[in-house]
Amino acid sequence: MKKAIVKKCLKALWFLLKVAGFAYLILFIVFFFDLDGKLLYHVVEPNMNEHFNKMERPDLTGTPYGPKEPVND
């Protein structure tokens, strides 16, 4: 009976080691080839620029330059 429990535990441990090894391999490939940075540079950043460049912004060229009035409460 104890052999069956030990065998199940070893089988579960072997499965966890395989999953962890596969995850390590995938993460190694992603970071070795800088795939996360390439994804950000080629996909995310252009989409963010496209979105935020369409936002309306106030015209700051008409803002006077100089000291501001103090705020009195």
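The values are calculated or read from the model by the stated rules, or taken from the named source; none is laboratory data. Predicted, not measured: the structure shown is a model, and the values here were computed from it. Here the Cβ is made from the backbone with ideal geometry for all residues, glycine too, and neighbour counts use every protein chain on show.
List pairs: first residue in the range 36-50 and in contact (Cβ under 8 Å) with a residue 12 or more places away in the chain and surrounded by 11 or more Cβ atoms within 10 Å (Cβ to Cβ), second residue part of a helix (DSSP H, G or I) and charged (D, E, K, R) anywhere in the structure, Cβ distance under 8 angstrom, at least six positions apart or on different chains.
none
Exactly one condition in (1) modelled with pLDDT of 95 or more; (2) in a loop (DSSP other than H, G, I, E, B); (3) of a type in the set (D, E, K, R) is not met by residue 57; state its number.
Evaluating residue 57 over (1) modelled with pLDDT of 95 or more; (2) in a loop (DSSP other than H, G, I, E, B); (3) of a type in the set (D, E, K, R) leaves (1) as the failure.
Every residue, every condition in (1) of a type in the set (Lys, Arg); (2) part of a helix (DSSP H, G or I); (3) on the phi < 0 side of the Ramachandran plot, yes or no:
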site: 3; (1), (2), (3): yes, yes, yes
site: 8; (1), (2), (3): yes, yes, yes
site: 38; (1), (2), (3): yes, yes, yes
site: 45; (1), (2), (3): no, yes, yes
site: 50; (1), (2), (3): no, yes, yes
site: 65; (1), (2), (3): no, no, yes
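Here are 22, 32, 28: which of them is exposed (fewer than 10 other Cβ atoms within 10 Å of the Cβ) and at pLDDT 90 or above?
The unique qualifying residue is 32.
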